[in-house]
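The values are calculated or read from the model by the stated rules, or taken from the named source; none is laboratory data. Everything quoted here is computed from the prediction, not taken from an experiment. Quick reminder, even Gly has a Cβ in these numbers, built from the backbone with ideal geometry, and neighbours come from all protein chains shown. Areas reflect the complete protein model, heavy atoms only, side chains present, ligands, DNA and RNA absent. Shrake-Rupley method; radii C 1.70, N 1.55, O 1.52, S 1.80 Å.
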Amino acid sequence: MSRTDDLQQRFQAFAGRPGRVAFAPGRINLIGEHTDYSGGFVLPASLALGTWTVAAARDDRKVRVLSEGQHETEVFALDIAPAAATKRWSDYVAGVAWALQQAGCKLRGADLLIASDVPMGSGLSSSAALEVSVAHALLAVAGASLSPLQIARVCQRAENEFVGARCGIMDQFAATHGESGRALMLDCADYSWKSAQLPAKHCWVVANTMVRHALAHGEYNVRRAESEELTAYMHRRIPQRTRLAELSIAETKELMSGLPATLASRLRHIVGENRRVHEAYAALDSGNVALLGQLLFASHGSLRTDYEVSCRELDILVDIAGAVPGVLGARMIGGGFGGCTLTLIEAQHVETLLAQLRLNYVQSTGREPATYICEFGGAGGMLA
Ligand code: GLA
């Protein structure tokens, strides 16, 4: 039975009628970490992993949603507002319903069933996959439509203003614009983008630390506030610059000299990481995988030391990968403080990498890492 038929059957059991099926993918980010919310550059690629939402309209103004992953059903009214957020998984669903209506969409009540194979909180963008698939499903049952960019922005707004995580646009953009087997280089200031083919003879391996440290959410918002402080400082000192991503090396040094040590390090990460995105895109485009790999290692070092969003478990996985033959580069991905690493490796060495990751990570941490060899997929949308 196909995945869609299987979901339809489970939806029939839940709601007693057939539904429409929406899908949205998770993503890896090749490089460009913690650059999106200051209007910089990112280089994500969408995965075949993702989240499905099956939906059928109701006659009242309620949304009843079953999350198969959470084994829970929640009900909320369509006119829900951010003040009613519960700090639970269903906020992502209610937040999307709220943000769609804020964007002028006339929604109908709906029964929703959600199933996902993106591990939650792992840095593979489980939240955006959920939001974007719910958005497609709610729009479809209401007979409404929005452009992919509008959907991405609505979902970001849901997460920022309803859920309370001040994420950038990268994840929602990747889930709405992904192209199979290609990485998107997105300019988060104006949403312009271009894409490049991923290398054919190499694999991207995701390794999950299986930890998510409690400070992740709060520290993410702190980093975002710091980047806003840096932008305001730049505007005062170099008014002709509109965003941190545009600073030259000389300007960065000049700004750093007037900043406290922590903010200076944050600035060095943001400027360096934006530069690495441009270099990585050029490396992809010209097939220079060795350079791409070096950029991944450099990105990890910067996230660890200057941006301070890594953790012991992520560093261990990157170090293990770095010692395996055929590995070109590795780094943490996503918000940090746990979640996953990404390793670029020659295809013939993948099995050695998987074995080494398992053996050495168990030895160092007592935990078994989950690993995944990336398969890539396209943009989210309606499947049936
Ligand atoms: C999370 C956010 C993204 C981005 C990354 C860090 O995944 O959702 O917007 O900021 O962290 O690069």
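Given ALA165, ALA183, ALA158, ALA189, which one is in contact (Cβ under 8 Å) with a residue 40 or more places away in the chain, assigned to a strand (DSSP E or B) and open to solvent by less than 70 Å² (accessible area, probe 1.4 Å)?
ALA183
Quick one: in segment 129-154, of everything that is touching a Leu at 6+ places or on another chain (Cβ under 8 Å) and not in a helix (DSSP H, G or I), which residue is farthest from GLY378 (Cα to Cα)?
Looking at the filtered set, the residue picked out is ALA144.
Residue under question is ALA245, and the condition is that it be away from the ligand (no atom under 16 Å from the Cβ) and either open to solvent by 40 Å² or more (accessible area, probe 1.4 Å) or in a helix (DSSP H, G or I) (or both); does it hold?
In short, no.
On the basis of being surrounded by fewer than 16 Cβ atoms within 10 Å (Cβ to Cβ), on the phi < 0 side of the Ramachandran plot and of a type in the set (Lys, Arg), does ARG358 make the cut? Lay out the reasoning, then the answer.
Details: surrounded by fewer than 16 Cβ atoms within 10 Å (Cβ to Cβ): no; on the phi < 0 side of the Ramachandran plot: yes; of a type in the set (Lys, Arg): yes.
Judged against the criteria, ARG358 is not a match.
Conditions (1) touching a Lys or Arg at 6+ places or on another chain (Cβ under 7 Å); (2) in a helix (DSSP H, G or I); (3) more than 16 Å from the ligand (Cβ to nearest atom); (4) not assigned by TED's automatic domain parsing to the domain that holds VAL362, marked per residue:
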{"position": "VAL206", "(1), (2), (3), (4)": "no, no, no, no"}
{"position": "GLU229", "(1), (2), (3), (4)": "no, yes, yes, yes"}
{"position": "ARG236", "(1), (2), (3), (4)": "no, yes, yes, yes"}
{"position": "ARG241", "(1), (2), (3), (4)": "no, no, yes, yes"}
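Of everything in segment 37-55, what is part of a strand (DSSP E or B), of a type in the set (Phe, Trp, Tyr) and within 14 Å of the ligand (Cβ to nearest atom)? Give them in sequence order.
Listed by number, the list holds a single entry, PHE41.
Name the single residue that is surrounded by the most Cβ atoms within 10 Å (Cβ to Cβ) among those in segment 279-299 being over 27 Å from SER227 (Cα atoms) and in contact (Cβ under 8 Å) with a residue 24 or more places away in the chain. Spell out how you get there, then give the answer.
If we filter segment 279-299 for residues that are over 27 Å from SER227 (Cα atoms), which is where we start, we get 283-291.
Subsequent filtering for residues that are in contact (Cβ under 8 Å) with a residue 24 or more places away in the chain retains 284-285, 287, 289-290.
Details: LEU284: 23, ASP285: 14, GLY287: 14, VAL289: 19, ALA290: 12.
Applying the filter and picking the extreme gives LEU284.
With (1) open to solvent by less than 20 Å² (accessible area, probe 1.4 Å); (2) on the phi > 0 side of the Ramachandran plot as the list, and SER302 as the residue in question, which single condition is left unmet?
It fails just one condition, (2).
How do the pairs read when you match residues in segment 325-351 that are assigned by TED's automatic domain parsing to the domain that holds GLY168 with residues anywhere that are within 16 Å of the ligand (Cβ to nearest atom) and open to solvent by less than 30 Å² (accessible area, probe 1.4 Å), using Cβ under 8 Å and keeping only pairs 6 or more apart or on different chains?
Qualifying pairs under 8 Å: none.
Output the residues belonging to segment 322-355 that are among the aliphatic types (A, V, I, L, M) and within 15 Å of SER299 (Cα to Cα).
Correct list: LEU328, ALA330, MET332, ILE333, LEU342, LEU344.
Give segment 21-71 a look and list any residue that's within 21 Å of GLU375 (Cβ to Cβ), open to solvent by 10 Å² or more (accessible area, probe 1.4 Å) and hydrophobic (A, V, I, L, M, F, W, C), or say none.
Hits for segment 21-71 are PHE23, ALA48, LEU49, TRP52.
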